[in-house]
Structures are given as structure tokens and as C-alpha cells.
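> Take this structure first; my questions come after.
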Amino acid sequence: MVHKIISKITSNTDTGKEKEDVLAKLVGHIGKWQLIVFTSIFLVKFSSGTVQMAIIFLTPKASFWCSKFDSNSTSTVVNNTCYSGCVEYEYDTSPMETSIVSEWDLVCERQWLASFTQTVLQFGILIGSIMFGFLSDRYGRRSSFLASITLLIIFGFAIPFSPSYTIFTLLRFMMGIATAGTMVVSFVIVMETVGPKYREVLGCVFQIPFIVGHMSVPLFAYYFRTWDSYSLALAVPPVIYLGYFFLLSESPRWLVSVGRVEEATRIVTDAALLNNLPTANIEATLTKLSKEILNNKTDEPKLNYIDLFRTSSLRKRTVCSCALWLIGGLTFFGVNQYITQTSPDPFVSAAAAGAIQPAIEDTLTKLSKEILNNKTDEPKLDYIDLFRTASLRKRTVCSCALWLIGGLTFFGVNQYITQTSPDPFVSAAAAGAIQPAIEDTLTKLSKEILNNKTDEPKLNYIDLFRTAGLRKRTMCSCALWLIGGLTFFGVNQYITQTSPDPFVSAAAAGAIQIPSNLFAIWMVRTFNRKTSTAIFFALGGIFIIILGCVPKIFWLTLTLGSLGSACGAIFNTAIYIFTSELFPTVARNMGMGVCSMSMRIGSMIAPFVANVSYSLPWMPTVIFGLAPLVAAAICMLLPETKNRKLPDSVDDVENFV
């Protein structure tokens, strides 16, 4: 039976509240449409958990010893001891038969590289949060989300076949970028689809697949005991996400905010019919709302130091052309030299590279001329505007990004399949045959994006810090997310590293997060956002400090560590909901992207802090314990958002009472 609207939003006379009533009244707070969107998209969080927690069994703590010394060494072998004359190590095969530590000898002076690969992953998530936050606010939630899941699948299957640590780490970085897109965009879609009465509930439930992914990591590791089979197994579940290409529609709230009322009307009408609600006057209502949002712009000049390089002539002839030809020269000459040096047949490789040169030069020349001949007089306000006027956005950002990725993929795959093929001539010929289809696809996709014109206000990341109210919300939110990432990921890695049974510890830390999230649902519906978030930041810090003070008894440390992890799950769920309600619709994805970036900074630091336990056992619990206490104090600086409307514009934030 079709769900009916549960209740009307609490009456409020301010203009912002009326804006919130529009979409909520048209499609209801929750119904079949919202549940279909939610149940289809929330599965993507499973991979967020497996990707970020996979490090536990990629770099498990295991004994090692020197198995071969150089001819001048007379050392006596002692386990877990480094020797200057050692040329080969052997490793304990428990808990994993192989890991990236044993695969690439990440011990002794190379030990830091084991933590570094997780830092690089989180750095990728940081970059991806910014990139997909911008892309989804400019080009839509759906297209950005589909791009991220495509990259997630591609790089997931590439990682198990990494021939070296460098390639492995690079692929993990790309995986991080893709993961960020799925995390940030999917959550914003849910928040913009569900009415305010059920936003906190579904926001909490939305985190459960992440927890299930975390819990499944030791299960995958138990049955797949080598790092490559383990990584391959983790890459299989995301294949189901290809169904989003057929199931997911654009966020109507975003469509309204950028003036695409016709598309929003179709989606909202279908949603209203599905929820058994009237469809009269939907287009007129959305048109009025869209005009209100688009007309709510600030007139102050947005100048910064980049303007020194952004006069009309310098922008045209220096920045744009130099950027295009710098990237073209770097890629072309570097790739040509690399494939020739590494090829078993440098003559064939050099000839093939030369054959493609005219096409590259022709593309660069045409693109450069189009940009340089496009004269505009509009003032350039900030660094993103270098690439974001109608012409520069079209011809620089979109096309360059598409062709950069296309070039990276095309040349890389061609070289790889030729090098690894038993018949390189056949492989090279087959790869060449598919080239026209690839170019045609890229051309069509580029045109589709370039023709997507909107009149949306051009906000950017600098705008998050431009006004006093939004600046305060952004800085405090970033601090909360940074500490949340540092504590959550650090504590989970720390308790697994220091446990005599890492499978039990990892499973316990993951399992306790499901009841924690169910508790978080009740908490955010019952209590104020900032108060409850502050309380569990404080409790998490207290549990971790106690963990560092008690005797190292397995059940005791497991209990305290799991409680600390539970608090981490609760406050990380709470800040997702809390901070998403702090940012305006026109910049919400960018705001969440910056917050997610901050969490990545914390999670990048976390493995290094956890590994300090090898030399200073007391230090990790001090850092992981005190940081949440600081976060608890920061929470109190933010406004309460419970039962308040989602701000649509920057003015809504500044006028928030």
C-alpha cells in the first residue's frame, strides 16, 4: 500500500520555513518514493567500510626475521630485529599468509610505507571530497555519483594485480577519490530527498552498510589469506552498483536550486504520484521557489590574490594556454620516453607513439584556439573562476578532465596489455581497433556536459569562508570531522594492532557499531543535535583514556576499545546529520566535501599515531582520548538544527536565529 504523508512540518512563520514546506508538502516527508531512493542508494556505503578498513589485514602485525645476510655480516638472528647486513626477510604467515608488508618488505627502514599507503588512500578521499563536492554542485548529484561508482569498480579490480608498491599505492589513491564521491554525494542525495521529520532517522540508518562493510573485513580476510585474493574479493560487491545507472534520478532539490524546473517538475510529479499525493500546481510552485533561490545572491566583490594573474589578456594568453600546453607536453614527452624505455620492442613502441602524435597536437591546438578566441568582459572573482565562466568551464575543466582521464586510460591500458600479452602484435592491433569507439564516447560525453547550461549562482569553496556565519559553521564542522576521522580510524587500527587476536578485535569493533547506530537514531530524534554529539565525543575520549591506563588484559582492553569505537560510530553518525543541516542547499555538497576532506586529514594521520604504540605505548591513547574532548567543546559553538529547515541560501545561514 502506498505510503501517505505522515504529518505537516511544524508551523513557522519565517520565510525560510515556507521554503522548506514547499518540497516537503509536494512529495511528503517519507513515502514509497523516498524509501525507493534510500534503499537503492544506501548500499553504496558498504564499500566505504571495506575500502577504508581493508588496511587492517593488508598490513597486519606479524613477526619477521632475517633469512639471508650479505657475505660480510656475522649477526645472530633475532625475531622482529633489523640488521644492516640483511638482504632478505621471511615473515610469519599468521594471521595472513601474505600481506603487502611481506610482498614488498615493508619492515625496518621501510616500515613507514605500510602506514603511508593508508594515508595516501585517505588523501585520495580528501581530494575526491573536494572534487566530487564541486562537480555534484555544478553538474548534478546523479552524474557525479555514477562517475564515482564507475571509478570505484575499475580501480577495485586493478589493485589486486599491482606489480609494485608504487602502483598499489597509486591505485589506492585513485580508489580513495572514487570512494569519496560515493560517500559525499550519496549522503547528500538522501538528505535532500527525505523530509526533515525523518532526515535524522534515515541519516543514521544510512551508516549501517558502512558498519556491515567494516564487520565483513575480517570475514573476507579469514577466507582469503593472501593480500591479492583478499583485495580481489573486496572488489566484487561493488559490481552491483552498476544498477544505479538505471535506478537513480537527479535530486529535485538541486534541480530547483539551479533553475532546471522542468526536470524537477517531472521527478517531483512522479514522486507525488508514487506517494499518492496531488500533483496540481507543482511546476508553478517549483518555478517560484527556484526564482527565490536564484535571486538570493550577494553583490560584494569576491577578490583574492589570484586576481593578480587574471586580467583578460593574462588569463587568455598565459594561464589557459600555458596550462594546456604544459599538461600536453608533460604527458606526451613523458609517456613517449617511458613506453620506449620499458618496452621489449622500443621500435614498435616509438612508432606507435609517433602515429598518435598528430591527433594529440591537433586536439590541443583546436582547444587552445577555442578558448583564446572566446572573449568575455566579466570580472574574474576567485581561483575557480579561471575555469568556471561559461566558456572556461566548458572548454577547460570539463574537456580537459575528460581527455586527461581518457588519455591516461588509453595509453596505460594499451601499454599494459601489450607488455603482458604472449602476442604483442595481435594485442596492439586489437587495442587500436577499439580506439575510434573510445574517442566517440568521450566526444559525446564531453558535448553532453558542455551543453548543460544553467543559471545557478556560482558559489565555490571560498564562499564557505566569506561570511561570518557560514565561516564559523565551516571551520567548526571541519574540526569535528577531522577529530572524528582521527579517532574512529585510529582507535580501530590501534585495538587491532595491539590485540592478541586481531580477527576477534576487528569483528567486535565492527559488530558493536550496529547497535550504536540504532542508538544514534533514537538519540538524534530525542535530544538536541549539538548536545548529544558533544556528549558522545566526550564519552569516547574518556573510554580511550581509561584504555591507556588499565592493565593489558584481553577482555578488558577489548571492552574499552569496543566502547570507544561505539562512541566513535555514534558521534560520526551524528555529525553527518548535524553538519549537513548547517550548510545551504546551493553549497551543501561543497560543505560536506570540505568536511569529508577534514575527516580524511584526520584519518591520514591516524595510522601513524596508532603505530607510535610500537615505541611509545601510552601515546596513542592520550591523543585519541584528548582529541574528542576538544571536539565536545567545539560542538557547543554551533547552532542547534533539530526541527529547523534546511537553509537554501547563504542569506538563510546568516539570518539563522
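> Could you tell me how many of the residues in segment 619-657 are part of a loop (DSSP other than H, G, I, E, B) and small (Gly, Ala, Ser)?
Count: 1.
> Working carefully through the options Met599, Met604, Met590, find the one that is over 30 Å from Asp648 (Cα atoms) and either touching a strand residue (DSSP E or B) at 6+ places or on another chain (Cβ under 9 Å) or assigned to a helix (DSSP H, G or I) (or both).
Met604
> Mind telling me which of the residues Phe578, Phe519, Phe503 ends up being within 17 Å of Gly485 (Cβ to Cβ), assigned by TED's automatic domain parsing to the domain that holds Arg471, among the aromatic types (Phe, Trp, Tyr) and in a helix (DSSP H, G or I)?
Phe578
> Continuing with the same structure: Sort out which residues of segment 146-190 are small (Gly, Ala, Ser) and not in a helix (DSSP H, G or I), and write them in order of number.
Ser162, Ser164
Residue-by-condition table, conditions (1) out of contact with any Pro (no Cβ under 9 Å at 6 or more places or on another chain); (2) buried (at least 23 other Cβ atoms within 10 Å of the Cβ):
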| position | (1), (2) |
| --- | --- |
| Thr179 | yes, yes |
| Met183 | yes, yes |
| Ile189 | yes, yes |
| Val239 | yes, no |
| Glu262 | yes, no |
| Ala271 | no, yes |
| Leu277 | yes, no |
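> Any idea how many residues of segment 251-262 are in a helix (DSSP H, G or I) and within 15 Å of Thr193 (Cα to Cα)?
Total meeting the criteria: 6.
> Among the numbered criteria (1) closer than 26 Å to Phe503 by Cα; (2) at pLDDT below 85; (3) assigned by TED's automatic domain parsing to the domain that holds Ile41, which single criterion is violated by Arg138?
Unmet for Arg138, out of (1) closer than 26 Å to Phe503 by Cα; (2) at pLDDT below 85; (3) assigned by TED's automatic domain parsing to the domain that holds Ile41: (1).
Every residue, every condition in (1) over 21 Å from Ile601 (Cα atoms); (2) among the hydrophobic types (A, V, I, L, M, F, W, C); (3) without any contact (Cβ under 8 Å) to a residue 24 or more places away in the chain; (4) surrounded by 19 or more Cβ atoms within 10 Å (Cβ to Cβ), yes or no:
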residue	(1), (2), (3), (4)
Leu126	no, yes, no, yes
Ser136	yes, no, no, yes
Leu152	no, yes, no, yes
Pro163	yes, no, yes, no
Phe168	no, yes, no, yes
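> With the requirement that a residue be among the hydroxyl-bearing types (Ser, Thr, Tyr) and either touching a Leu at 6+ places or on another chain (Cβ under 6 Å) or free of Cβ contacts under 8 Å to residues at least 12 places away in the same chain (or both), what does segment 215-239 give you?
Passing the criteria: only Tyr223.
> Condition check: assigned by TED's automatic domain parsing to the domain that holds Tyr139, surrounded by 19 or more Cβ atoms within 10 Å (Cβ to Cβ) and of a type in the set (A, V, I, L, M, F, W, C). Does Ala511 satisfy that?
It is false that Ala511 is assigned by TED's automatic domain parsing to the domain that holds Tyr139, surrounded by 19 or more Cβ atoms within 10 Å (Cβ to Cβ) and of a type in the set (A, V, I, L, M, F, W, C).
> Sticking with this one: Regarding Gly133, is this residue assigned by TED's automatic domain parsing to the domain that holds Ser596, at pLDDT below 80 and closer than 30 Å to Val37 by Cα?
yes
> Do you know which residues across segment 94-119 are in contact (Cβ under 8 Å) with a residue 60 or more places away in the chain and of a type in the set (Val, Ile, Thr)?
Those that are in contact (Cβ under 8 Å) with a residue 60 or more places away in the chain and of a type in the set (Val, Ile, Thr): Thr98, Ile100, Thr117, Thr119.
> Follow-up. Restricting to segment 92-139, name every residue that is among the hydroxyl-bearing types (Ser, Thr, Tyr) and within 17 Å of Ser48 (Cα to Cα).
Thr117, Thr119, Ser129
> Only one of Tyr139, Tyr91 is over 25 Å from Ala587 (Cα atoms) and of a type outside the set (Asp, Glu). Can you tell me which?
Tyr91
> Could you check Val491 against (1) surrounded by fewer than 18 Cβ atoms within 10 Å (Cβ to Cβ); (2) β-branched (Val, Ile, Thr); (3) in contact with a helix residue (DSSP H, G or I) (Cβ under 6 Å, 6 or more places away or on another chain); (4) modelled with pLDDT of 80 or more and say which number it fails?
(1)
> Suppose we keep only residues that are modelled with pLDDT under 85 and in a loop (DSSP other than H, G, I, E, B) within segment 191-224. Which one would you say is surrounded by the most Cβ atoms within 10 Å (Cβ to Cβ)?
Gln207
> OK, next. Checking the conditions here, which among Leu560, Leu556, Leu539 is farther than 30 Å from Met191 by Cβ, touching a residue at least 12 places away in the same chain (Cβ under 8 Å) and over 26 Å from the mean Cα position of the chain (by Cα)?
Of the residues listed, the single one that is farther than 30 Å from Met191 by Cβ, touching a residue at least 12 places away in the same chain (Cβ under 8 Å) and over 26 Å from the mean Cα position of the chain (by Cα) is Leu560.
> Cβ contacts < 9 Å: first residue under 23 Å from Leu126 (Cβ atoms), restricted to segment 479-502; second residue in a helix (DSSP H, G or I) and among the charged types (D, E, K, R), any location; separation 6+ or different chain. Result?
Close Cβ pairs (under 9 Å, with a partner that is in a helix (DSSP H, G or I) and among the charged types (D, E, K, R)) amount to Trp481/Arg600; Leu482/Arg600; Gly485/Arg600.
The values are calculated or read from the model by the stated rules, or taken from the named source; none is laboratory data. All figures in this text were calculated on a predicted structure; none of them were measured in a lab. Note that we place each Cβ from the backbone using ideal geometry, even for glycine, and neighbour counts take in every protein chain shown.
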